[in-house]
Amino acid sequence: MTLNNLVGKTIEKIDINYDTIKRLMNAAERNIIDSKIKSLSAENRFDVAYKAIMQIANAALQAKGYRTLTSKPGHHQTMLQSLVKTMEIDNDTVILLDAMRKQRNVADYSGDIIPESSVKDCIAEADKLLHRFKLVITDLFEIAAS
């Protein structure tokens with residue numbers, strides 16, 4: 001399966017806008033920093049770390065010339081699953097990130113408590129994804145600039 005197979009179903013083709021991608025990455029970096037503020041609740045730290053993951057996944061998808069159809073349900077899941085194609089993330093990591101998506105939804109809609117261990121895991125995954133983005137996607141920026 002390719003990303004192009006999903007056009008019209010869960011994603012759409014777009015022109016690559018490097019300024020938008022840079023803004024998303026700057027926001028993700030700020031959110032990762034915020035997720036490490038110990039005075040925030042575990043739920044808020046988890047939420048901003050997860051938000052950073054989504055911003056990185058969104059930036060990676062846009063760097064390949066696509067974006068999710070937010071009018072369709074499941075756009076978070078689509079962004080996470082697209083990481084296999086956009087950043088060569090392995091399936092086990094995507095499964096882990098999807099479990100975090102589900103945990104965030106449960107916390108948001110039922111008020112469940114997020115354990116500190118989950119917060120640490122989410123922050124670690126956001127850090128890894130940011131590092132991977134800089135390795136994989138930054139090459140696109142350099143190619144585009146030349």
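Just so you know, all these numbers are worked out from the coordinates, no wet-lab data involved. For clarity, every value in this text was computed on a predicted model and none was experimentally measured. Glycine also receives a Cβ, built like all others from the backbone with ideal geometry; neighbour counts cover every protein chain displayed.
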Notebook entry, point to check: Taking other Cβ within 10 Å of each residue's Cβ, how do Lys72, Lys85 sort, fewest first?
Noted result: Lys72, Lys85
Check: Going 7 Å from the Cα of Thr20 in the Cα-to-Cβ direction, what parts of the stretch 43-66 have a backbone nitrogen less than 12 Å from that spot?
Finding: 58-66
Margin query: Counting other beta carbons within 10 Å of each residue's own, what order do Asp15, Asp47 fall into, fewest first?
Written below: Asp15, Asp47
Notebook entry, point to check: How high is the relative contact order of the chain, given as a whole-number percent (alpha carbon pairs under 8 Å, six or more residues apart)?
Noted result: 30 percent
Check: Are any of the pairs Lys9/Lys36; Lys9/Lys134; Lys13/Lys36; Lys85/Lys120; Lys9/Lys51; Lys9/Lys120 more than 32 Å apart by Cα-Cα distance, and if so, which?
Finding: Lys9/Lys36; Lys13/Lys36; Lys9/Lys120
Check: So for Glu43, Glu12, Glu88, fewest C-beta neighbours within 10 Å to most, what's the order?
Finding: Glu88, Glu12, Glu43
